[in-house]
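Notes for the one structure printed next.
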Amino acid sequence: MALPQIALPAGYRWRTLTPDDQRLVTELDTWAFPTGHSHDDLDAAPSPLTWERAVGIEADGSDGLVAMHASYPFAQFPVPGAELPTAGLTWVGVHPQHRRRGLLTSMIDLHLARSVERGEPLSALFAAEAAIYGRFGYGHAADDLRLDVPRGAALRDVPGAERHTVRVEVASRERHGALVDRLHRAAGAAPAGVPGLNRPGWVTRETEELQAVLWDDAPVHRGGRESRRIIVVELDGEPRGYVTFRRNLSWEPTGPRGQVSAGEVVALDAAAARALWGALLDLDLTNEVSPFILPVDDVVTQLLVNLRAAAPRTPDNLWVRVVDVPAALAGRQYAADVDVTLAVTDTRLPANAGVYRLRAEAFGPATVERVDPEVQAPELSLDVRELGAAYLGGKSLATLAAVGLVTVHPGRGQGALARASAAFGWPVAPGASWVF
């Protein structure tokens, strides 16, 4: 497919990328994101890229690539109560010599144009720098939870946890790949076993390339730690939860000190989670367990008797960009009845700008229609950035209005803000369990 006609500054040109360009991609990536690993070691690991969605930029007088971006095809990206096709923007980088010249702006415009062509109503990303993407219409839509849990931390009892058995093994795709994929999907569809409430943003690794990267265990990924291990908890022989982890160990004058660096901690219900955390916090020769990413409402926040001792932090997780306003608004469910008229601005995708009437019953289908503002005046006005921030249900429209980012129009708008805030919210916190 030919690239959309998006202009670049003089002296630059687009280049579609293929697997043959792997070394060029690695060289640019190590300029954009410094690392101590060699190019050969990095190239020996599998690439996560979907190559037909990767585009580079070349420059007159420069060898190789000076910038690139790519995206992942998330056909089943979870949104409140549903799934929508979403472009997972990734591998965005510019060589230091070519920054501040408008290359990022051109790449974002190309990415959005291709998302429109593919019929993807949303784009999502993890931001290396939080200040960058808001100006392109991405809203800070989710946070995650980081913890450093002391070994042996007290956990509340959960009935049925003691019935689970525990397996601790070296992790491998052959033995654990299908199990991990199935449990991860199930945990996103019904977090902690609560039916009818999915976890928005709980994206799965839908491509073979992403699965290969997940299970690659080359030393370049270990950071000096051991090979990847896995704990699986089962009930009557049926897997109900898992955690992947690596340990390191140092011998101090006071005795051994080790850290458990955990990957995804996934359980299908509270009893399985209690059994899983109980096993994870009881590994010998360790003093701390540090999961990489957890949802901000993960069950461990209620299981830990002393959450404060785990030093909880909540950095930003997903950023969401609405690419097609009516399709995105109609494609999710709402947590309360809603009938609201929204005026949306969008400088990068002007076709999105307009006034929309959104109607939905709680946890039912939604309808969206563009209306004439002269006939039906908007009750609330907001930029597409704030719409993206509120879209997954983790950020409140009322909070955004309190700082002037959502405008409430006189008259019925005051009540509309309360109703819309309740409707756009979601009972389960959004968030992805891995960085893409």
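Let me see the P(r) profile for segment 225-350: every Cα-Cα distance counted, bins of 10 Å, each bin given as a percent of all pairs.
For segment 225-350, the binned pair fractions read 10, 29, 25, 17, 13, 5, 1 percent.
Out of residues 5 or more away from A82 or on other chains, whose amide H comes under 5 Å of its own, with H placed 1.01 Å from N in the peptide plane?
The list, which skips near neighbours in sequence, is Q333.
If you rank F77, F363 by how much accessible surface each has, with a 1.4 Å probe, what is the order from largest down?
Listed by decreasing accessible area, they come as F363, F77.
Go through G255, L400, V368 and say which Cα lies farthest out towards the positive end of the charge dipole of the chain; charges sit on Cβ, +1 for Lys and Arg, -1 for Asp and Glu.
Farthest along the dipole direction, towards plus: L400.
To the nearest whole percent, what portion of all C-alpha pairs in segment 362-424 is separated by more than 19 angstrom?
The calculated P(r) of segment 362-424 puts 32 percent of pairs beyond 19 Å.
Could you compute the FRET efficiency for A309 and V435, with r as their C-beta to C-beta distance and R0 at 22 Å, rounded to 0.05?
Approximately 0.25, to the nearest 0.05.
How many angstrom lie between the C-alpha centres of segment 197-255 and segment 279-300?
Answer, in whole Å: 12.
Find the centroid of the Cα atoms in segment 127-154 and in segment 51-126, then give the distance between the two in whole Å.
Each part's Cα centre sits 21 Å from the other's.
Please grab the % of Cα pairs in segment 27-77 that end up more than 18 Å from each other.
It works out to 45 percent of all Cα pairs.
Grab the alpha carbons of segment 164-226, take their convex hull, and tell me the volume per residue in Å³.
Hull volume normalised by residue count: 130 Å³.
Just to confirm the filter: which GluC sites (Glu not before Pro) across segment 362-417 are DSSP coil and have at most 12 other Cβ within 10 angstrom of their Cβ?
E374
With a 1.4 Å probe and every protein chain left in place, work out the accessible area per residue of the chain in Å², rounded to a whole number.
43
Can you list residues from other chains, or at least 5 along the same chain, whose modelled amide H is less than 5 Å from the amide H of T16?
Those lying under 5 Å, H to H, from T16 are G56.
Within segment 135-193, what whole-number % of the accessible surface is contributed by carbon and sulfur, with the 1.4 Å probe and all protein chains included in the calculation?
52
Ignoring ligands, DNA and RNA, what percent of the 1.4 Å accessible area of segment 252-302 is carbon and sulfur?
Of all accessible area on segment 252-302, carbon and sulfur atoms account for 50 percent.
Output needed: percent of Cα pairs per 20 Å distance bin for the chain, bins running from 0 to the one holding the longest distance.
The calculated distribution, bin by bin, is 24, 52, 23, 1.
Restricted to Cα positions, what overall size does segment 219-280 have along the principal axes? Three whole-Å values, descending.
Answer, in whole Å and largest first: 42, 30, 16 Å.
What distance in nm separates the two pseudo spin-label positions at D157 and W251, each 7 Å out from Cα along the beta-carbon direction?
4.0
Mind checking the log10 I(q)/I(0) for segment 1-160 at q = 0.13, 0.14, 0.16, 0.19 Å⁻¹? Debye, one equal scatterer per Cα, no solvent, two decimals.
-0.71, -0.80, -0.99, -1.30
Given the whole protein assembly as supplied and a 1.4 Å probe, what does the accessible area of W202 come to in Å², nearest 10?
Here the residue's solvent-accessible area equals roughly 20 Å².
The values are calculated or read from the model by the stated rules, or taken from the named source; none is laboratory data. Keep in mind the model is a prediction, meaning the values are calculated, not measured. Using ideal geometry, Cβ is built from the backbone for each residue, glycine included, and neighbour counts are taken over all protein chains shown. Side chains included, ligands, DNA and RNA excluded: accessible areas come from the protein's heavy atoms. Shrake-Rupley method; radii C 1.70, N 1.55, O 1.52, S 1.80 Å.
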